[in-house]
1. Mind counting the residues in region 60-81 that are within 18 Å of GLY17 (Cα to Cα) and either among the aliphatic types (A, V, I, L, M) or over 13 Å from the mean Cα position of the chain (by Cα) (or both)?
2. Look through LEU53, LEU37, LEU91, LEU86 and report the one residue that is under 21 Å from GLY125 (Cα atoms), touching a Phe, Trp or Tyr at 6+ places or on another chain (Cβ under 9 Å) and either surrounded by 12 or more Cβ atoms within 10 Å (Cβ to Cβ) or hydroxyl-bearing (Ser, Thr, Tyr) (or both).
3. Kindly establish whether GLY17 is out of contact with any Asp or Glu (no Cβ under 9 Å at 6 or more places or on another chain), closer than 19 Å to THR120 by Cβ and modelled with pLDDT under 95.
4. When both residues are 6+ apart or on different chains and their Cβ atoms are under 8 Å apart, which pairs have a first residue that lies in region 6-35 and is in contact (Cβ under 8 Å) with a residue 60 or more places away in the chain, and a second that is part of a helix (DSSP H, G or I) and surrounded by fewer than 14 Cβ atoms within 10 Å (Cβ to Cβ)?
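The values are calculated or read from the model by the stated rules, or taken from the named source; none is laboratory data. Everything quoted here is computed from the prediction, not taken from an experiment. For neighbour counting, all protein chains shown are included, and Cβ atoms are generated from backbone atoms with ideal geometry for every residue, glycine included.
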Amino acid sequence: MGDYFLPLRALHMTCAGLSIAGFVLRCIWMLTDSRLLAARANKTVPHIVDTLLLASAIALVAIIGFGPNAAWLGAKIAGLVVYIVLGTFALKRGRTKGARAAFGVLAIIVFAFIASVARTHDPLGFLHSIL
């Protein structure tokens, strides 16, 4: 199984980058009322990328084990839930463009937190240096 760790990690990191880049682009399109936001590909590609992201995460956890990594993996999972909720308010559920923009910024900050937790294996991520 160890032979799969590096390619899975590379896939996971690539999908994470594509996911946040796509989210930012869709936020920009939403704020500018771009017709591109309604394009079929822009409704399906994010789901494909996020499914690969989640599948690679599950495979990585299967390799490294959850138990000894529970603290930082738990923080990533909690952050993911917050990111998803904020993202839905940023792209669909926010009542005004201002609210959607604020939710978008918050979602990006939470994504950065998740990435910092993954990088440091510290459940506080970048908050560790603030607190």
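1. Number of matching residues: 4.
2. LEU86 is the lone residue from the list that is under 21 Å from GLY125 (Cα atoms), touching a Phe, Trp or Tyr at 6+ places or on another chain (Cβ under 9 Å) and either surrounded by 12 or more Cβ atoms within 10 Å (Cβ to Cβ) or hydroxyl-bearing (Ser, Thr, Tyr) (or both).
3. no
4. MET30/LYS97; LEU31/LYS97
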